[in-house]
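A short write-up of the structure that comes next.
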Ligand SMILES: C[S@@+](CC[C@H](N)C(=O)[O-])C[C@H]1O[C@@H](n2cnc3c(N)ncnc32)[C@H](O)[C@@H]1O
């Protein structure tokens, strides 16, 4: 079987999918509080920026991939309104269930589906907007997943990829120190899971940087791709147009 990476380790592709599932099974119940703690609330700003760039209009059909606990799906649903449709999806049932329960508690019932981004169960051209926030990094075949995202968009439709990226050089050392010393400790104390948060730090280093991801998106069929660096490149938003 082909090899890939899980953080800094080389593993079989099937082993990577199994271990990614284990990570999100383990963290699902503490995922939201961990996000706020680790990013000091910044993930809310990054997501709000993504929502503003997406500019979902009433009536739009939106697919949120790797949607987890539903932050983007919730914001998009408010904009798409009753004439629109937002489909909240994730490969991991524990994450999706946590998100669905949270949205239901807030009075929002969205179509929710377990699905693998590498094999999307939707007809070509079904959506105006596709989003994936902090999910692409965990996928085994990013090229396949991006090609699937392109396929399910209508011509002129847009993909928003929000993901950790390559931080500006002057911040690299303190960011490494924080990622490898502080993050796993917060994971240990709050989520009782140090290893998953070490994987988070490692997986960020293994993810394609801004230009490499832009290239992958172009290869997948996006004619135009804009890159927005956020927080000095800690995170980048890639916005691709299917054209
Ligand atoms: C860090 S969470 C992001 C959740 C949410 N989008 C957010 O921004 O808070 C990453 C999510 O990617 C999902 N994921 C990993 N591989 C996937 C795949 N192949 N297809 C769909 N989702 C996947 C995980 O199950 C997990 O819920």
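Scanning segment 117-139 for residues that are more than 7 Å from the ligand (Cβ to nearest atom) and more than 13 Å from the chain's Cα centre (by Cα) returns 119, 120, 121, 122, 123, 124, 125, 126, 127, 128, 129. Of everything listed in (1) near the ligand (Cβ under 9 Å from one of its atoms); (2) closer than 23 Å to residue 141 by Cα, the single unmet condition for residue 87 is (1).
Mind checking which residues of segment 46-73 are part of a loop (DSSP other than H, G, I, E, B) and under 21 Å from residue 146 (Cβ atoms)?
Keep residues of segment 46-73 that are part of a loop (DSSP other than H, G, I, E, B), which gives 55-60, 66-70.
Answer for segment 46-73, where residues must be part of a loop (DSSP other than H, G, I, E, B) and under 21 Å from residue 146 (Cβ atoms): 56, 60, 66, 67, 68.
Pairing each residue of segment 136-152 that is under 18 Å from residue 223 (Cα atoms) with any residue that is within 12 Å of the ligand (Cβ to nearest atom) and assigned to a helix (DSSP H, G or I), provided the two are 6+ apart or on different chains, yields C-beta distances under 7 Å for 142/136; 145/136. Mind checking whether some residue in segment 167-176 is in a loop (DSSP other than H, G, I, E, B) and either touching a residue at least 40 places away in the same chain (Cβ under 8 Å) or buried (at least 22 other Cβ atoms within 10 Å of the Cβ) (or both)? Checked against the condition, which is being in a loop (DSSP other than H, G, I, E, B) and either touching a residue at least 40 places away in the same chain (Cβ under 8 Å) or buried (at least 22 other Cβ atoms within 10 Å of the Cβ) (or both), segment 167-176 yields at least one hit. Residue under question is residue 78, and the condition is that it be in contact with a helix residue (DSSP H, G or I) (Cβ under 7 Å, 6 or more places away or on another chain), over 18 Å from residue 242 (Cα atoms) and not in a loop (DSSP other than H, G, I, E, B); does it hold? When the stated conditions are applied, residue 78 does not pass them. If you go through segment 134-150 and keep only what is in a loop (DSSP other than H, G, I, E, B) and at negative phi, you end up with 135, 139, 140, 141. Within segment 108-115, one or more residues are near the ligand (Cβ under 9 Å from one of its atoms), at pLDDT 95 or above and either surrounded by fewer than 22 Cβ atoms within 10 Å (Cβ to Cβ) or under 12 Å from the mean Cα position of the chain (by Cα) (or both).
Test of understanding: among 193, 219, which residue is surrounded by fewer than 15 Cβ atoms within 10 Å (Cβ to Cβ) and touching a residue at least 24 places away in the same chain (Cβ under 8 Å)? Step through it out loud before you land on a result.
On the way: 193 fails: surrounded by fewer than 15 Cβ atoms within 10 Å (Cβ to Cβ).
Step by step, each of 193, 219 is checked, and only 219 is surrounded by fewer than 15 Cβ atoms within 10 Å (Cβ to Cβ) and touching a residue at least 24 places away in the same chain (Cβ under 8 Å).
Note on segment 99-133: among residues that are assigned to a loop (DSSP other than H, G, I, E, B) and in contact with a strand residue (DSSP E or B) (Cβ under 6 Å, 6 or more places away or on another chain), the one that is farthest from residue 64 (Cα to Cα) is 125.
The values are calculated or read from the model by the stated rules, or taken from the named source; none is laboratory data. Since the model is a prediction, treat every value here as computed from it, not as a measurement. Note that we place each Cβ from the backbone using ideal geometry, even for glycine, and neighbour counts take in every protein chain shown.
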